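Have a look at this one before I ask anything.
Read-outs: derived from the displayed coordinates by stated rules, not from any lab. Because the structure is a prediction, the values reported are computed rather than measured. As a convention, Cβ positions derive from the backbone with ideal geometry for all residues, glycine included, and neighbour counts pool all protein chains shown.
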Amino acid sequence: MGEMSAQFLYAKLGDAKIHFERALDCKHTEFDDLYPYMIEHPQFFWYKRYVAWSELLTIVKLCDELKVEWHEQFTDRQVEYIGKRVMSSRVLDEWYETNDAKEHAG
């Protein structure tokens, strides 16, 4: 894989991680702009998190298939969650290992 392609995937992986973390933190994402009328519905935030998680898993899968290292952008626990692929309540509650140990998405 060419250097430019690996850099492209790293950038997309970073974007997907930030998107997921912003969704976890109930912060504004691109998804809010696509469905502004949905913001009033409580289930919107669950769906928004699901979409962001799916995006993250898709980029990770591409990295795996193209043999691009992605683990270094995540904690060991986050790598474990990604490996299990299921967005469980544990992932939502414990993505940040402690509330003050990791800086939340900006």
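Set the Förster distance to 22 Å, then compute FRET efficiency between His41 and Ile18 from the Cβ-Cβ distance, nearest 0.05.
On the way: r = 24 Å, r/R0 = 1.09.
Efficiency at R0 = 22 Å is approximately 0.40.
Same structure again: Tell me the angle of helix 43-65 to the major Cα principal axis of the chain, expressed in degrees between 0 and 90 and rounded to the nearest ten.
So the inclination is approximately 0 degrees.
Could I ask something else about it? How tilted is helix 3-24 with respect to the longest principal axis of the chain? Cα atoms for both, answer in degrees (0 to 90, nearest 10).
20 degrees
Now, a different point. If you line up the Cα atoms of region 25-72 on their principal axes, what length do they span on each, largest first, in Å?
41, 18, 15
Excluding same-chain pairs closer than 8 in sequence, count the lysine pairs in region 3-75 whose Cα atoms lie under 17 Å apart.
Numbers: Lys12/Lys61; Lys12/Lys67; Lys17/Lys27; Lys17/Lys48; Lys17/Lys61; Lys27/Lys48.
Within region 3-75, the lysine pair count is 6.
What's the whole-number percent of alpha carbon pairs in region 3-94 lying beyond 15 angstrom?
Working: 2496 of 4186 pairs.
Of all Cα-Cα distances in region 3-94, 60 percent exceed 15 Å.
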